[in-house]
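Input: a single structure, listed below in structure tokens.
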Amino acid sequence: MRSLFLLVLFSTVLFAQYENIKINGAIFQYKPEEVSIAINPNNPLEIAAGANISYMFHSFDGGDTWDQKIMESSLGVWGDPSLVYDTEGNLYFGHLSNPVTGGYWIDRIVVQKSTDNGVTWNDGAGVGFSNPRNQDKEWLAVDHSTSQYRNNLYMCWTEFDSYGSENPNDSSRILFSKSTDLGDNWAESIAISDVGGNCIDVDETVEGAVPTVGPNGEIYTSWSGPLGIMFDKSLDGGETWGTDIFVSDQPEGWDFPIPGIDRCNGMPITACDISDSPYNGNIYILWSDQRNGTNNTDIFLKRSTDGGDSWDELVKVNSDSTERHQFFPWMCVDSTTGNIYAVYYDRRNTIGNSTDVFMARSTDGGESFTEYEISENSFLPTDQVFFGDYIGIAAHKGIAYPIWTRMDNGDLSIWITKFKEEDHINPVSNEVPIVADFVLYQNYPNPFNPSTTVSFSLPHQASVTLEVFDILGNRIDVLYKGSKSAGTYEYNFDASVLPSGVYFAKLSADEFIATRKMMLLK
């Protein structure tokens, strides 16, 4: 059976290439990974990003150029960066601690503030200190609603009695704290998980709480642990929390192996639509797991339309039918449009551990997704180098900024691209499109050596050109040019004299243009 992935190009651009922008400059003591990104709602040209273990990047031109700095604090800067802007344009950087004096490794969470898009920072506020416990994997959220809680800062994280301990008497829990004065002071932390986990920092530990805020100031979050994915909410600005609600099981747990990756997690990301879209108030939870096999990690989403009290059926975000890995997802919802964006690593078009980056987008409240291959080139990670635990994405006013780590010969670098709603290019779907009912099918086999079959179908007679180009846009071959009546047609592409690499089949049929990426491996 032929496996159909459909890539349709809604543009006159030859290839669906997204410009990948490297944002890090010279790297010093630590290799950068675990990235976070945020957009200033008051000036969307101002974008900030962070990476382990103490890197901060800022752009003043919409992500075209970036400056880099090393974050400093007397409380230490020790990874797990989380960046958010409030409604006044203040920028906050949450991270782990390692105080120079008067403390110990990850003894608290630290939140630093900048009023100039990251050029300068205060020393930061310490949150959650509870000797001798450890505080880990925090995430920040800001209330952008028009409620009485507007501009409150919220943070969730995991507290360990003793990080890494196998003692059954030691446990972990999800904590919460808030600031009502723009980050200067933080309330005493409270536990919001009804059932905790162990301290080993694998499947039976409760982790991954990413808070989000609803249109009326509601606070939502979810996390992974021994019970699966659990959800909780507060309707009074974080003062009180409800009973944990089960969202989904997570087969094989949240910590699972991916070849070439030192460790991989599928912890959930929670987001809420606060836009004026028809999906205002919807809550979304995105994660990855191996329910379809340990060689077939996939991305999943659940939606709630009633404030998290109940959850719709599971949606598989990645549309491929391969037994390949999709992993490390992150998600955001554009607060101005309601569109959902998810970014993740993807191996559907590669062999071995070679990895691409994809983005999925939903404009119908999570009912369906269109996928886009956003990395210009594949990369090959090695499990000899720690790759981090997450990547990121932010969106505002129809522009999304996925951010990710890539590895080349063991070296790590940080990259972004811009996805503009107005462009709409390079969707990947296994559904036949409505647009003109012209279809360019995925070549078969893919990858191939030395020849492959390229096929297309026409709903009516059309003037057709079927061509092959290399990665630089050079025409390699014309498989057909002329008029064709309605029907399905197949053509052989012989690449026996060509080197291994990426090639593109391009179909032009009347006003319709589509391309498909083809992998030649010798």
How big is the accessible area of residue 60 in square angstrom, nearest 10, if you roll a 1.4 angstrom probe over the protein chains? 100 Å²
Descending accessible area (1.4 Å probe), largest on the left, turns 387, 129 into 129, 387
With all protein chains present, region 100-140 has a carbon and sulfur share of its accessible area (1.4 Å probe) in percent of 52 percent
The answer for the net charge of residues other than residue 109 whose Cβ lies under 11 angstrom from its Cβ, with Lys and Arg +1 and Asp and Glu -1, is -3
If the cut-off is 22 Å between C-alpha atoms, which lysines fall inside it for residue 302, apart from same-chain ones fewer than 8 positions away? 233, 316
Calculate, for the chain, the solvent-accessible area per residue in square angstrom, rolling a 1.4 angstrom probe over the heavy atoms of the protein chains. 37 Å²
Can you spot the aspartates and glutamates whose alpha carbon is less than 18 Å from residue 113's alpha carbon? Ignore those fewer than 8 places along the same chain. 46, 67, 72, 80, 86, 88, 123, 138, 143, 181, 184
Can you give me the % of accessible surface on region 248-334 that is carbon or sulfur? Probe 1.4 Å, all protein chains present, nothing else counted. 42 percent
For region 347-400, what is Rg from Cα atoms divided by 2.2 N^0.38 Å, rounded to two decimals? 1.40
Counting all Cα-Cα pairs in region 317-407, those more than 20 Å apart amount in percent to 35 percent
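Quickly rank 32-42, 258-268 as a protection proxy: mean count of other C-beta atoms within 10 Å, highest first.
Working: 32-42: 23.5, 258-268: 21.7.
Averaged packing, sorted descending, gives the order 32-42, 258-268.
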Roughly speaking, to the nearest percent, how much of region 338-489's 1.4 Å accessible area is carbon and sulfur? 45 percent
Could you give the alpha-carbon Rg of region 81-171 over 2.2 N^0.38 Å, rounded to two decimals? 1.23
Projected area, mean over directions - region 278-369, Cα convex hull, nm²: 6.0 nm²
Please give every one of the lysines within straight-line cross-link reach of residue 22, meaning a C-alpha to C-alpha distance under 16 Å, and leave out same-chain neighbours fewer than 8 residues apart. 31, 69, 418
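The values are calculated or read from the model by the stated rules, or taken from the named source; none is laboratory data. Fair warning: this is a prediction, and the values are worked out from it, not measured in the lab. Cβ: placed from backbone, ideal geometry, glycine included. Neighbour counts: every protein chain shown. Note: accessible area is taken over every heavy atom of the protein model, side chains too, but ligands, DNA and RNA are not part of it. Shrake-Rupley method; radii C 1.70, N 1.55, O 1.52, S 1.80 Å.
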